[in-house]
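Enquirer: Here it is: the structure, laid out below.
The values are calculated or read from the model by the stated rules, or taken from the named source; none is laboratory data. No experiment lies behind these values; they were computed from the predicted model shown. Cβ sites come from the backbone with ideal geometry, for glycine too, and all protein chains shown count toward neighbours. Side chains included, ligands, DNA and RNA excluded: accessible areas come from the protein's heavy atoms. Shrake-Rupley method; radii C 1.70, N 1.55, O 1.52, S 1.80 Å.
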Amino acid sequence: MGKKIVVTGGAGFIGSNLVLELLNQLSEIEVVVIDDFSSGSFKNILNAHCDIITENLYRFDWSDYFSKKEIEVVFHLASLTDTTILDERRQMQNNVEAFRSLLRFFSGTSTKIIYASSAAIYGMRSGKNRLQDDPQPANPYGFSKLQMERLATAYMKENPQTRITGLRYFNVYGPREAHKKSASSMIFQLAKQIKEGKNPRLFSYGEQKRDFVYVADVVRATLLTAIKDCPLPLFNVGSGHARSFNDIVHILNQTLKTDAKPEYFPCPYSFYQSHTEADLELTQKHLGYVSKYSLEQGIAEYFDSGWLL
Ligand SMILES: NC(=O)c1ccc[n+]([C@@H]2O[C@H](COP(=O)([O-])OP(=O)(O)OC[C@H]3O[C@@H](n4cnc5c(N)ncnc54)[C@H](O)[C@@H]3O)[C@@H](O)[C@H]2O)c1
């Protein structure tokens, strides 16, 4: 790889794990983080020796900080990530317009752009989520991610030499997510409730299933995207398995040696996805990615890391 790598949202959950892995693997390359700390935290990047530009990407002038040719790869992870924020203008400006100004700056360059999309694009459906499925985002967050994908497609049409790949992350959990509070993974939130001696609270009756993927898998898939020549504009990144919220409580009880009983309550959201499951066939074929962590293994490693509680 070349001279500089930029990670937007590098103080956030996935971004900070990516930054630490990049610094660990590529000592000769300069890593630069751009983050406005609207949700991320310094605690995540305490040990990351790299430059941090504290700016909001929605109003960011890339040319104030960079020349066009010095950046080899941009990992664009910055985003409003609380899916329950229904302010459509906020979601669109923060997610889509920030991406547009990034694409404008890099158009015509050979910089590889890898951006975070989301399984939220699939909306409420059952069975495996395939790239060719019709998008059905059920909330402004999901729509903003879909619009980012459409923008990337339009830019690639106009600039065929520009290399842009979107990654539809599923439900990610692991170290450095505590700052996300109510938007953190259910693994983190349920573990917190159990450790506080409370009953873990689940939407009735805990059998909704999600594709929970450990952050180390997500970081690996993201790095593979940077290394490989990607013939497709999009990939799913998940574990490939749908597991229930009751499963999480069961595994946490075993891990924490507790016997906490779930307390069920009605789901207040009309747009709640009760089944996500990544079809990873193309991700495996083109990126060589296979998930290494079952939910049991991911939770065990998370617990051992000291970040779960
Ligand atoms: N965590 C998941 O389960 C998941 C699932 C699907 C997609 N994603 C996507 O992955 C990416 C990373 O998510 P995360 O879980 O690490 O969330 P996060 O909230 O921890 O990280 C996002 C980071 O972006 C920063 N940020 C937000 N808006 C910004 C702006 N306008 N300018 C500069 N910085 C800004 C925040 O301060 C934060 O540090 C996001 O794009 C998110 O939509 C995450």
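Enquirer: Checking the condition of a type in the set (Asp, Glu), more than 9 Å from the ligand (Cβ to nearest atom) and open to solvent by less than 60 Å² (accessible area, probe 1.4 Å), which residue from Glu30, Glu70 passes?
Expert: Just one listed residue meets the conditions, Glu70.
Enquirer: Can you pull out every residue in the stretch 274-287 that is more than 30 Å from Ser204 (Cα to Cα) and out of contact with any helix residue (DSSP H, G or I) (no Cβ under 6 Å at 6 or more places or on another chain)?
Expert: Selection gives Glu281, Leu282, Thr283, Gln284, Lys285, His286.
Enquirer: Output the residue which, of all residues in the stretch 78-99 that are within 12 Å of the ligand (Cβ to nearest atom), charged (D, E, K, R) and in a helix (DSSP H, G or I), is surrounded by the most Cβ atoms within 10 Å (Cβ to Cβ).
Expert: Checking each candidate, the answer is Glu97.
Enquirer: Since Pro268 meets every condition but one in (1) out of contact with any helix residue (DSSP H, G or I) (no Cβ under 8 Å at 6 or more places or on another chain); (2) away from the ligand (no atom under 12 Å from the Cβ); (3) within 29 Å of Arg100 (Cα to Cα), which condition does it not meet?
Expert: Failing condition for Pro268: (3).
Enquirer: A further question follows. Looking for whichever is of a type in the set (Val, Ile, Thr) and in contact with an Asp or Glu (Cβ under 8 Å, 6 or more places away or on another chain) here; the options are Thr84, Thr54, Thr109. Which one fits?
Expert: Just one listed residue meets the conditions, Thr54.
Enquirer: Anything in the stretch 125-176 that is outside any loop (DSSP other than H, G, I, E, B) and of a type in the set (Ser, Thr, Tyr)? List them, or say none.
Expert: Answer for the stretch 125-176, where residues must be outside any loop (DSSP other than H, G, I, E, B) and of a type in the set (Ser, Thr, Tyr): Tyr141, Ser144, Thr153, Tyr155, Thr165, Tyr169, Tyr173.
Enquirer: Inspect the stretch 140-147 for any residue being out of contact with any Pro (no Cβ under 7 Å at 6 or more places or on another chain), open to solvent by 40 Å² or more (accessible area, probe 1.4 Å) and closer than 16 Å to Leu234 by Cβ and give the result as yes or no.
Expert: yes
Enquirer: While we're on this one: Can you tell me which residues in the stretch 47-67 are loosely packed, with under 13 Cβ neighbours inside 10 Å and either touching a residue at least 24 places away in the same chain (Cβ under 8 Å) or within 14 Å of the ligand (Cβ to nearest atom) (or both)?
Expert: Once the filter is applied, which keeps residues that are loosely packed, with under 13 Cβ neighbours inside 10 Å and either touching a residue at least 24 places away in the same chain (Cβ under 8 Å) or within 14 Å of the ligand (Cβ to nearest atom) (or both), the stretch 47-67 yields Asn47, His49, Thr54, Arg59, Asp61, Ser63.
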